1. Restricting the search to region 52-64, which residues are without any contact (Cβ under 8 Å) to a residue 12 or more places away in the chain and surrounded by 13 or more Cβ atoms within 10 Å (Cβ to Cβ)?
2. Residues of region 68-80 being of a type in the set (Gly, Ala, Ser) and not in a helix (DSSP H, G or I), which ones?
3. Take ALA12 and tell me if it is modelled with pLDDT under 95 and of a type in the set (Gly, Ala, Ser).
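The values are calculated or read from the model by the stated rules, or taken from the named source; none is laboratory data. The shown structure was predicted, so the numbers you read here are calculated from the model rather than taken from an experiment. Please note: Cβ atoms are built from the backbone with ideal geometry, for glycine as well, and neighbour counts cover all protein chains shown.
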Amino acid sequence: MSIIELERTAPAASINPLTRREQVVLSNLTEDVTLEQIATKLFVTRNTVKSQVRSVYRKIGVSTRADAVAWARQAGMYTA
């Protein structure tokens with residue numbers, strides 16, 4: 001999804017668009033995996049993933065993983 005499409009579907013993201021890495025982390029949150037598993041998959045530490053998740057939450061205006069996944073699906077980023 002392009003930034004322009006994301007801006008049309010997700011007003012919060014138009015102010016602070018997600019970085020490519022934040023988009024990758026968000027896509028991994030849609031799966032039933034732990035932050036540790038995401039970190040291993042992305043070759044980073046759990047704390048790095050945790051920091052990136054907090055950044056995603058702040059940018060899209062949510063406070064839970066479930067809300068972030070719902071936001072991503074509503075924005076058309078992930079359909080699973």
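1. Within region 52-64, TYR57, VAL62 qualify.
2. From region 68-80, those of a type in the set (Gly, Ala, Ser) are 68, 70, 72, 75-76, 80; that's our starting set.
Hits for region 68-80 are ALA75, GLY76, ALA80.
3. Values: modelled with pLDDT under 95: yes; of a type in the set (Gly, Ala, Ser): yes.
So ALA12 fits the description; yes.
So that you can scan it fast, the table gives a plain yes or no per residue for (1) farther than 14 Å from LEU18 by Cβ; (2) touching a Cys at 6+ places or on another chain (Cβ under 6 Å); (3) of a type outside the set (Phe, Trp, Tyr); (4) outside any helix (DSSP H, G or I):
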{"position": "ASP32", "(1), (2), (3), (4)": "yes, no, yes, yes"}
{"position": "GLN37", "(1), (2), (3), (4)": "yes, no, yes, no"}
{"position": "VAL44", "(1), (2), (3), (4)": "yes, no, yes, yes"}
{"position": "ARG58", "(1), (2), (3), (4)": "no, no, yes, no"}
{"position": "ALA66", "(1), (2), (3), (4)": "yes, no, yes, no"}
